[in-house]
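Report on the structure given below.
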Amino acid sequence: ISDQKPLGCWSLKHGQILTCPVVCNFETHEYIAVHDDKVLRIWKNEDINLDKAFKATLSADVYRIHSLPDGGPVVLFRGGGVRTLDVLLEAPQQEIENVVSDEVIRWSGAFMEGQQPVLIFTTEKDGDFFVYVQKPKLSSLHKYRLEQQESSKPLCFTAHITNQTVTLLCLYSNDSVYQVLIPLQQDNEEEEEEEILSKSLLLNFSVPGTVLKGTSLVVLDKDHVAVLGSLAVPGKEPRECLSIWNTKFQTLQTSKELPLGTSGQLWCYEEKFFLIHGKVLTVIMYKCETSSLAAAVGKLKDSQNPDVSSFVNWNTLEDEELVVSFQSQECVALKAESKMNLRSRRSTVAKVQPETLSVGQLLLNLKDASTFVLETELRQLMSKAPTPDLQATIGCVVTALTDRCKRNPKYYPQNFLLEIVETRDLSYSLCPDLMAVALEKKDMHLLQICLERFPDIPEEITYACLKAFLSISEAHLQSIDVDVDSVICYIDVEFDNKEVKTEIVENGFSAEMDQDMCDTKIPKETQSRSNGESCPVGLQKAALLNAVLHSPYTEAFLLPHLKNLPAQQAILFLRYLYYLYVKCSEKVNTTLPGTRSPTINQIMDWMCLLLDAHFTVMVMLPEAKELLSNLHKFVRAQVRFYSELNKIEGSLRELQRLNHLRESQTYSIEVLEII
């Protein structure tokens, strides 16, 4: 999330609009979407074209789809009708009843009660609010009227089910949360008339000197709720904040200002908050334990200093606000264990805190230690038995090392860092400063290993590595250690200034046959270095460039950086990609030999990216003209070759079919005429 690396992206046709949030079917691992109110789409992660995905046009407008881990998707229509997805797909055009008449749905939620899904939604009509409780599998529907509140109205709702009772929480405009209890009626019970639900005051957002205007409310457990809203202080501008309240003791547990602004929406899933902070989707971990008066009062006293909160880890927000220090870069997971627990007994704190703070405290103590002591202690720290926090611990170790590198320019533990990256399953997000330090130190080997192993490198860093690899001289590369396993099996090597070249027989391409395909005359002395027969870079540089080709990227984020690549470096990189393309075409399976060699798809994607970023410049440069000419000629020959193969595809299939029908022990001579 922090590096904006989409794992999948699907687009609708122009003019089509998604009209409700997309959900995931936990049972089938499929995505479900509705566009233009009535058109249902279902697809899997490996599907590329959304237009070819499963499509069903429904008879009524859909309000929302809810997906339950154990109950399957449930579809709520704007008219109040509810169907499970399985029932709906049996007859997509089935008639959907209208149960809400002129009411407008304001909120809905789905829950499991035993083995039965329960869907709850609220509606509004002329200032009156209604609550519907449905069990779609049992065709059970109950309607209630919400008791009116003078001079205030509900802003948002949330609910949970416990012991056959629905607890509906309503955030009202008078800065209060009210609780409504709705017993789940038996299926054979009949309602004689519309029941009016009474509500009770659960929580009032009264903090001395401030007024909290909530916009979103979520339930954390039976004693805690989280509220996203704005904090208004007399004489000051309102400030958005996220706060957590103890409903049992009516106390504020902790709060944090959100200076970058939010969308007003807050989600909660598996002890994590999800909210839009500025332009970033932020994930904040929290932990609830049994509530007690001592803990609640204690946290109320500490609420003025949210950084020491033992309920929520605010480290994510601090990073976004660039409040970064050595202390704040301690491992998130370690802080989650040591700082995010709401503890109810002093003995528990005394027992847990020293053990869980040991890693963070050790790193602080080693901040000014000698190099020998630092590396010795860090090696011992990593050699401990595997624990759930070991991964985060190693990230903290790398952070400690890179922090010292930045404070002391003469210090750079190259071998230690290489050992960690090669033997541990790290990622860029666990040690974001590592590659920046390696770029500063021109440590090409470490950058190569990081590019090959890290799955979440930002495009800006990928581009910086590419530029560094293309800029460094071949002479300097000869003196450093680089892993050449990805190139040693196919690249041409020079002996005694005589280049050993493999004979290139491209699939369907003959230079003599296709001389007339391009009018450009290429001088003989320059043809050998642009026709793909010899590698334009040395062995070490080719291995480094292959590492860049392996690094995942998103085209939209990489292209702006790639446009800044100097023209001469872009031409050199394109020459190398063309060389790889020709090499791949020598093989029937278009696969290069060697370990971690680039694939034909990676080569083609990078060629397209580079041409998109620099095509105008390359057309204008004389030194690029021959390269583009050869590339154009080679690609057109490939297209012609595969077109010819397509023409005889039917005959080849018939030949294969006859081969299967022939008896293996019968000798025969057959003449097949291909027309």
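The values are calculated or read from the model by the stated rules, or taken from the named source; none is laboratory data. Since the model is a prediction, treat every value here as computed from it, not as a measurement. Here Cβ is always computed from backbone atoms with ideal geometry, including for glycine, and neighbour counts include all displayed protein chains. Side chains are part of the model used for accessible areas, which takes the heavy atoms of the whole protein and leaves out ligands, DNA and RNA. Shrake-Rupley method; radii C 1.70, N 1.55, O 1.52, S 1.80 Å.
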Taking protein heavy atoms only, a 1.4 Å probe, and rounding to whole percent, the accessible area of the stretch 1-146 owed to carbon and sulfur comes out at 48
Suppose all protein chains stay in the model; what accessible area per residue would a 1.4 Å probe give for the stretch 544-634, in Å²? 40
Go through the stretch 129-135 residue by residue and turn each phi into a ³J(HN,Hα) via Karplus (6.51, -1.76, 1.60, θ = phi - 60°); whole Hz please, and just put x for glycine and proline. 10, 10, 10, 10, 10, 10, 10
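Take peptides 560-566, 79-85 and line them up by average Cβ neighbours within 10 Å, highest first, as a rough protection proxy. Walk me through the numbers before you get to the answer.
Numbers: 560-566: 15.6, 79-85: 21.1.
By packing density, highest mean first, the sequence is 79-85, 560-566.
Restricting to lysines 8 or more places apart or on different chains, can you count the pairs in the stretch 544-634 with Cα atoms under 22 Å from each other?
Summing the qualifying lysine pairs gives 5.
Between Leu645 and Ser479, what is the FRET efficiency for a Förster distance of 51 Å, r being their Cβ-Cβ separation, to the nearest 0.05?
0.60
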By the gyration tensor of its Cα atoms, with a ≥ b ≥ c the square roots of the eigenvalues, what is the shape of the stretch 205-287: rounded for a/c under 1.5, prolate for a/b over b/c, or oblate? oblate
Sequence of Thr123, Thr371 when ordered by accessible area, the most exposed leading, probe 1.4 angstrom: Thr371, Thr123
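Under 1.5 on a/c is rounded, so check that first for the stretch 544-634, then, if it is not, pick prolate when a/b is larger than b/c and oblate when it is not; a ≥ b ≥ c are the square roots of the alpha carbon gyration tensor eigenvalues.
On the way: a/c = 2.13, a/b = 1.25, b/c = 1.71.
Since a/c reaches 1.5 but b/c is at least a/b, the shape of the stretch 544-634 is classed as oblate.
Cβ neighbours within 10 Å, averaged per peptide: list 641-649, 55-63, 405-413 in order, most packed at the top.
55-63, 405-413, 641-649
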Grab the beta carbon distance between Gln116 and Gln638, set R0 = 45 Å, and tell me the FRET efficiency rounded to 0.05. 0.15
Please find the FRET efficiency linking Asp102 to Ser198, where r is the Cβ-Cβ separation and R0 is fixed at 22 Å, and quote it to the nearest 0.05. 0.30
Run the paramagnetic zone check for Asp51: 7 angstrom along Cα to Cβ, then residues of the stretch 16-41 with backbone nitrogen under 18 Å. 16-18, 35-36, 39-41
Accessible surface, the stretch 205-287, averaged per residue in Å² (probe 1.4 Å): 46
Determine the share of the stretch 205-287's accessible area contributed by carbon and sulfur atoms, expressed in whole percent, with a 1.4 angstrom probe. 58
